[in-house]
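Chemist: Structure provided below as C-alpha cells; questions to follow.
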Amino acid sequence: MASKPQSKPSLAATSWTLLGMLSYEEELSGYDIKKWIDWSVGFYYWSPSYSQIYTELKKLEGLGYLESRVEQDEGLRTRRLYKITESGMAAVTDWTNNAPVDPPVLKHSVLLRVTFGHLSNPTRLRELLEQHVAYCEAMERQAAEDSDGAKAQPVWAYSVMALRWAAKYYAAEREFALELMKDIDEADAVVQKADKGVFGKPRPTPGYW
C-alpha cells in the first residue's frame, strides 16, 4: 500500500474528479473513467479529454493516490487498470468536505454571439439559437435517462440528484433560448437606428462606456 504523501499537493479539478470516480473502489481504465464522466459529471461540469485523463492518472499514481496494474486479455490486447489507495481516499474525502468551493463560471458561447449580434443578422442569430435549443433538448433527455439508469446502484443516489438537476437546468436553458429568439427582431430594429462607424457597423456614442 502506498504511503501517505507528506503534504497536500495542489491538484487540478480533473485530478479530483478522477479520484472521485475511483472513490467507489472499482478498478477502472482511463477509457472506463472517460465513459463514466460523460454519463455524469459531463452534464454539469465538463468532460476532460483522454489525454488529460491519462496525464492526471499518471500524476495521481506518482503521488501515491492510485495504484495500477496491466491486464491482458486472451489475445494481445492489454489495458492499465487504476485503483484508489488509502491515501487517495483520504485526500479526496478531505477535498470533498473541506476544500473551498469555486463559484460557478458561466462560459456561454451562444450568448457571447448574441452580445455581438450587431456584427451578425437576425436570421443567423436565430439559427444559432435553434441549434442551441436542439442541444439543450438532447442534453435534457440524456441527463434524465442517465438519472433513471443510475438508480440501479444505491451508492449513486447523490449522482441521481445531480443528474436530475442537470436535466432541469437544460430545460430552463431551452426556455431562455426561446425567449431570446422572440426578442431578436425587436433588438435588431433598435440597433439599426444606431450611428454607423468607419466599417459600416453600428457603434455607440464614443467614450460612453
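The values are calculated or read from the model by the stated rules, or taken from the named source; none is laboratory data. The shown structure was predicted, so the numbers you read here are calculated from the model rather than taken from an experiment. Neighbour counts are summed over all protein chains in view; Cβ atoms, including those assigned to glycine, are modelled from backbone coordinates with ideal geometry. Only protein heavy atoms, including side chains, enter the accessible area calculation; ligands, DNA and RNA are left aside. Shrake-Rupley method; radii C 1.70, N 1.55, O 1.52, S 1.80 Å.
Chemist: Any idea which of 179, 173, 145, 186 is closer than 16 Å to residue 110 by Cα and either free of Cβ contacts under 8 Å to residues at least 24 places away in the same chain or small (Gly, Ala, Ser) (or both)?
Modeler: 179 is the lone residue from the list that is closer than 16 Å to residue 110 by Cα and either free of Cβ contacts under 8 Å to residues at least 24 places away in the same chain or small (Gly, Ala, Ser) (or both).
Chemist: Name every residue in the range 61-73 that is in contact with a Gly (Cβ under 9 Å, 6 or more places away or on another chain) and assigned to a strand (DSSP E or B), in order of residue number.
Modeler: Listed by number, the residues that qualify are 66, 67.
Chemist: Another question about this same structure. Against the condition at pLDDT below 95, farther than 28 Å from residue 96 by Cβ and not polar (S, T, N, Q), how does residue 183 come out, does it pass?
Modeler: Taking the combined requirement at face value, the residue does not satisfy it.
Chemist: Next question, about the same structure. Could you list all residues from the range 195-209 that are part of a loop (DSSP other than H, G, I, E, B) and without any contact (Cβ under 8 Å) to a residue 12 or more places away in the chain?
Modeler: 195, 197, 198, 199, 200, 203, 204, 205, 206, 207, 208, 209
Chemist: Moving to a separate point now. Give the residues of the range 121-149 that are open to solvent by less than 70 Å² (accessible area, probe 1.4 Å) and among the β-branched types (Val, Ile, Thr), sorted by residue number.
Modeler: Within the range 121-149, 133 is the sole residue that qualifies.
Chemist: Spot the failing condition for residue 70; the list is (1) under 22 Å from the mean Cα position of the chain (by Cα); (2) open to solvent by 80 Å² or more (accessible area, probe 1.4 Å); (3) not charged (D, E, K, R), and only one is missed.
Modeler: That leaves (1) as the condition not met.
Chemist: Mind listing whichever residues of the range 132-142 are of a type outside the set (A, V, I, L, M, F, W, C), touching a residue at least 12 places away in the same chain (Cβ under 8 Å) and farther than 10 Å from residue 167 by Cα?
Modeler: 132
Chemist: Of everything in the range 170-209 that's of a type in the set (Phe, Trp, Tyr) and open to solvent by 80 Å² or more (accessible area, probe 1.4 Å), which residue is farthest from residue 151 (Cα to Cα)?
Modeler: Selected residue: 199.
Chemist: Six or more apart or on different chains, Cβ atoms under 9 Å: show the pairs whose first residue is in the range 156-167 and farther than 9 Å from residue 143 by Cα and open to solvent by 100 Å² or more (accessible area, probe 1.4 Å) and whose second is of a type in the set (Ser, Thr, Tyr) and part of a helix (DSSP H, G or I).
Modeler: 161/147
Chemist: So residue 13 passes all but one of these: (1) at pLDDT 95 or above; (2) in contact with a Phe, Trp or Tyr (Cβ under 8 Å, 6 or more places away or on another chain); (3) of a type in the set (A, V, I, L, M). Which condition number does it fail?
Modeler: (1)
Chemist: Then there is this: Being within 20 Å of the chain's Cα centre (by Cα) and assigned to a helix (DSSP H, G or I): is that true of residue 144 here?
Modeler: Yes, satisfied.
Chemist: Moving to a separate point now. Being open to solvent by 30 Å² or more (accessible area, probe 1.4 Å) and in a loop (DSSP other than H, G, I, E, B): is that true of residue 152 here?
Modeler: yes
Chemist: Looking at 16, 39 in this structure, which one is among the hydrophobic types (A, V, I, L, M, F, W, C), open to solvent by 40 Å² or more (accessible area, probe 1.4 Å) and at negative phi?
Modeler: None of the other options fit; the residue is 39.
Chemist: Would you pick out the residues in the range 75-120 that are aliphatic (A, V, I, L, M) and open to solvent by less than 80 Å² (accessible area, probe 1.4 Å)?
Modeler: 81, 84, 89, 90, 91, 92, 99, 110, 111, 114
Okay, residues lined up against (1) touching a residue at least 12 places away in the same chain (Cβ under 8 Å); (2) over 30 Å from residue 169 (Cα atoms); (3) not in a strand (DSSP E or B):
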| site | (1), (2), (3) |
| --- | --- |
| 17 | yes, no, yes |
| 31 | yes, no, yes |
| 48 | yes, no, yes |
| 51 | no, no, yes |
| 59 | yes, yes, yes |
| 75 | no, yes, yes |
| 79 | yes, yes, no |
